[in-house]
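Heads up: the structure comes next, in structure tokens.
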Amino acid sequence: MSRRVIYKFRLYVAGDALNSAQALANLGLLCREYLPDRHEIEVIDVFKEPKRALADAIFMTPALVKLVPSPVRIIVGTLSQTQPLLQALGLAAPSS
Amino acid sequence: MKPRKFPDSAEAREEISALIEMLHSTEQRLEELTAGEVDTVADRTGRTVLLRRAQEHLRYSEAAKQEAILNALPASIALLDAPGRIISVNESWRRFADANLLQSPLYGVGLNYLDMCDRASGDDAPEAGQAAAGIRSVLAGENIQFSLEYSCHSPGEQRWFLMTVTPLAANHPNGAVVMHVNITERKETENRIAYLNRVYVMLSSVNTLIVHAHDRDGLFREVCRIAVEAGGFRMSLIAIVDRSTAKIVPVASAGKDEKLMTAIKDVLSSSERASTTLLARAIRDKQVVVSNDSKNDPRVLFVKEYGESGVRSMAIFPLTVAEQAIGAFALYAGEIDFFHEEEMKLLTELTGDISFALDHISKQERLNYLAYYDDLTGLANRTLFLDRMTQYMRSADSNGHKLALFLIDLERFRNINDSLGQPAGDDLLRQVAEWLKSAVGDAGLLAHLDADHFAVVLPEIRQEGNVARLLEKKMQAFQVHPFHLHGSVLRISFKAGVAIYPDDGADADTLFKKAEAALKTAKERGSHYLFYTQKMTEALAGKLTLENQLHQALDGQEFVLHYQPKVNLAGGNVTSAEALIRWNDPRSGLVHPGRFIPVLEETGLIHEVGRWALHKAIEDYLRWRAAGLVAVRIAVNVSPLQLRHPDFIAEIKRAISIDEHAASGLELEITESLIMEDVKYSIASLQVIRDMGIRIAIDDFGTGFSSLSYLAKLPVDTLKIDRSFIIDMTTGPEGLALVSTIINLAHSLKLKVVAEGVETEEQWRLLRLLNCDEIQGFLFSKPLPVELFESSLLRLPAVL
């Protein structure tokens, strides 16, 4: 995989609810560590833009959508478990 | 969209509760599934279904945030409900409560804040009352904000707070937020700025003053005034150390009431307590003394009085000139803790400026002194003396008298200076200055010009003779005065040059030069003194010699009486005689009275000589009587000085008391002008004399200005027509008519008439025609010595 691929994320949050805030904080940490200068994060508040959630078929928040690189993946939760998250995002080899 | 209709039945209600139940369990299931990590769940249409937990969490987090914010604030905040009860407080309030007012475990929560304010007592009560009123007004919705600045001073420190009260909800009053902010720092900064400003204003005013100050007292007074008016001090005081008594004396003050000033003066004048004052301390230690809380300062003496005058702090600055503390400047502030580092720095600078000005003034005075005074003797120098001379000259001009300037040169001074040394010479000069001061009686009339030269001015002289006499007298006194030098006695003399204003010069400079010239000549000629005008020196010298000789004449009985007879015109016989004084000078023979009578009058010798003449005449008369001669009455002349002497009548009484017949042999001749000078006094005293049996004649009649009305009242017996009328009598009809009139007038007043100075037959003939009673003159006889008078005239048979 090319090292120059830019990861594009879309994080659906419920205002500044606790889990959402935690998810945003965890995502930020992860990107700074594993994808420095290779990421774009778009944060969407479902209270403000419920239609976009519907368009992406998001029914729960917080929910992270990895748009690029494909395949598109959706992860729900506070994103606090780093290792499974890295696997889900394709940034780490599956544990043996 | 049509609103859905719910069936109003028990079945429907059941369905609803079943749905709620399901929703609840679904929610729980969802929680379990998402491990609590999910905030929202949406249905298929995208509608958000809020999870309760998330909602609550949101609420909690909001409250926590607000609390955190409140706790983070440095202000002490409490929420009050509508009746004023404290329902919530922040962290700062709790800390404040810990340290301060509310010792309850809940930091006052639950207590009624208004009650607490209402119950406040002591110094804080008025402010607590204002606070309560303000809170009530906000709780009642009358005000949307209330604020109050208040002080809360603890023993250790002064603190200031700002309380603000705002409603909990803007629309309907249901409580209030009370916030206290500690503004001590701001307040202190404000005060410091205000204090500093006051001190700055004062500093600049005083500095302006210093530039213009010329005298100490004015400077002190103004500095004190500025301290109070510009500096905003309650009081100010300047005290100076009196060098002679070593006591501290207040010399200027402002803002102090009389009672306090009196108390301070009392303490300073008492010897024991004076040293305990802060003023004394500042002066003694040459150190600033500060008392920033006078009320609680054991060093302050008048704690009560200062308290009553509103003094809360004070500072005393020593005034130092040439490293000597000459006094102190005290400032009293109405504020506790006024004197901080910055203020002290400025005020110390200010005191330094005042000290500088004092130094400057005293140097100026010293310069002035040196410019006008001689440092050695303390007498005026030439410059000041000339200035004074000019003033005396002006006064002499306007009063029409003369002025004399003496320049004095000490003899042998150079020798004394060389042999005993300059310090001894200086000492002698100081002693001479002292002697002159006491001799002249006024240091303002003296100057020390240089080395051994002094100057004296006599600002008012009437007769030059007096000047010479005075000078001789003083010179003699000076010569015998013992001056003490090195434990031994020294006598010295001086020479003097005299110049008279306006005769010798019209201005001080010229007069000075003339006096210097006279002094120089005196030294050359070896004279004791010389007047600038030679003639005057000579004339005065002659006069003084004469004076001395006259003294001797009196002692040596050199005076004699000559008698000139008065002759009856009808019978040709001698009726009486006029006694005329003569001086039989052993050196030059008989001296004419015109030469010495004025000197007798000037010197006052006339009294003694007059007394002598009176006694001598009585003695002669009584002798004639005893010897069986024709004892004629003797007329003695009375000089104005004698008549005016208060003892004159007693003198005559004494003279005639030696014999019962003495009075009948005596007549007094008094000039017309003298009688008329004070006619009422004359009438009275002449009456007394006449009552003793002594006759009185008016001498030189016609030369004065007799008032006819007084002439009739005068108690006199005889009228003597002045010789000038007798001379004029033969030169024209007017002269004759005049004498005729005088004789008729005298006769109508029942007075005897004597014509004086009758020298010719013609005069004698005319006087006889005019019915004159008696004549006196060379025609019959000149004045004769007593022996000759006796032998040639008194042995003739006389008819009285």
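Has the stretch B:260-272 got any residue that is more than 16 Å from B:ALA239 (Cα to Cα) and touching a helix residue (DSSP H, G or I) at 6+ places or on another chain (Cβ under 8 Å)? No, every residue in the stretch B:260-272 fails to be more than 16 Å from B:ALA239 (Cα to Cα) and touching a helix residue (DSSP H, G or I) at 6+ places or on another chain (Cβ under 8 Å). As for the stretch B:228-238, it holds at least one residue that is over 17 Å from B:GLY327 (Cβ atoms) and aromatic (Phe, Trp, Tyr). Just a yes or no: is a residue in the stretch B:716-736 of a type in the set (Phe, Trp, Tyr), assigned to a helix (DSSP H, G or I) and in the same structural domain as B:TYR621 (by TED's automatic domain parsing)? So far as the stretch B:716-736 goes, yes, one or more of its residues are of a type in the set (Phe, Trp, Tyr), assigned to a helix (DSSP H, G or I) and in the same structural domain as B:TYR621 (by TED's automatic domain parsing).
Restricting attention to the stretch B:727-745, the residues that are crowded, with 19+ Cβ neighbours inside 10 Å and without any contact (Cβ under 8 Å) to a residue 40 or more places away in the chain total 3.
Being more than 18 Å from B:ILE696 (Cα to Cα) and among the small types (Gly, Ala, Ser) is the filter here; which residues of the stretch B:553-579 pass it? Once the filter is applied, which keeps residues that are more than 18 Å from B:ILE696 (Cα to Cα) and among the small types (Gly, Ala, Ser), the stretch B:553-579 yields B:ALA553, B:GLY556, B:ALA570, B:GLY571, B:GLY572. Filtered by the rule that a residue be assigned to a loop (DSSP other than H, G, I, E, B) and either more than 8 Å from chain A (Cβ to nearest Cβ) or of a type outside the set (Ser, Thr, Tyr) (or both), the stretch B:28-46 gives B:ALA35, B:GLY36, B:GLU37, B:VAL38, B:ASP39, B:ASP43, B:ARG44, B:GLY46. Quick one: count up the residues across the stretch B:376-418 that are within 17 Å of B:ASP450 (Cα to Cα), part of a strand (DSSP E or B) and among the charged types (D, E, K, R). Qualifying residue count for the region: 1.
Checking B:SER685 against (1) in contact with a helix residue (DSSP H, G or I) (Cβ under 8 Å, 6 or more places away or on another chain); (2) closer than 30 Å to B:GLY628 by Cα, which test does it fail? Condition (2) is where B:SER685 drops out. For beta carbons closer than 8 Å, sequence separation of 6+ or different chains, a first residue in the stretch B:62-81 that is over 27 Å from B:GLU185 (Cα atoms) and at pLDDT 85 or above and a second that is hydroxyl-bearing (Ser, Thr, Tyr) and not in a loop (DSSP other than H, G, I, E, B), the qualifying pairs are B:LEU80/B:TYR113. When every residue of the stretch A:23-31 is checked against the conditions, at least one turns out to be at the interface with another protein chain (Cβ under 10 Å from one of its Cβ atoms) and within 25 Å of B:LEU33 (Cβ to Cβ). Considering the conditions (1) basic (Lys, Arg); (2) touching a residue at least 60 places away in the same chain (Cβ under 8 Å); (3) over 16 Å from B:LYS616 (Cβ atoms), B:ARG633 is excluded by exactly one of them, (3). Return the total of residues in the stretch A:51-73 being within 11 Å of another protein chain (Cβ to nearest Cβ), surrounded by fewer than 19 Cβ atoms within 10 Å (Cβ to Cβ), in contact with a strand residue (DSSP E or B) (Cβ under 8 Å, 6 or more places away or on another chain) and not aliphatic (A, V, I, L, M). Total meeting the criteria: 2. Condition check for B:TRP764 on (1) out of contact with any Gly (no Cβ under 8 Å at 6 or more places or on another chain); (2) without any contact (Cβ under 8 Å) to a residue 60 or more places away in the chain; (3) in a helix (DSSP H, G or I): one failure, at (2). Specify the residue that is modelled with the lowest pLDDT; the eligible residues are those in the stretch A:1-22 that are within 13 Å of chain B (Cβ to nearest Cβ) and assigned to a strand (DSSP E or B). Per the stated criteria, the residue is A:VAL13.
Where residues in the stretch B:543-596 are within 60 Å of the chain's Cα centre (by Cα) and among the small types (Gly, Ala, Ser), which of them is surrounded by the most Cβ atoms within 10 Å (Cβ to Cβ)? For the stretch B:543-596, the residue satisfying everything is B:ALA553. Within the stretch B:271-285, is there a residue that is touching a Gly at 6+ places or on another chain (Cβ under 8 Å) and surrounded by 19 or more Cβ atoms within 10 Å (Cβ to Cβ)? Among the residues of the stretch B:271-285, at least one is touching a Gly at 6+ places or on another chain (Cβ under 8 Å) and surrounded by 19 or more Cβ atoms within 10 Å (Cβ to Cβ), which makes the answer yes. Of the residues making up the stretch A:39-50, those that are facing chain B (nearest Cβ under 10 Å) and surrounded by 18 or more Cβ atoms within 10 Å (Cβ to Cβ) are A:VAL46, A:PRO50. Of B:GLY84, B:GLY122, B:GLY108, all but one fail to be farther than 24 Å from A:LEU11 by Cα, at pLDDT 80 or above and not charged (D, E, K, R); the exception is B:GLY84.
The values are calculated or read from the model by the stated rules, or taken from the named source; none is laboratory data. Quick caveat, the model's predicted, so the values are computed rather than measured. Cβ: placed from backbone, ideal geometry, glycine included. Neighbour counts: every protein chain shown.
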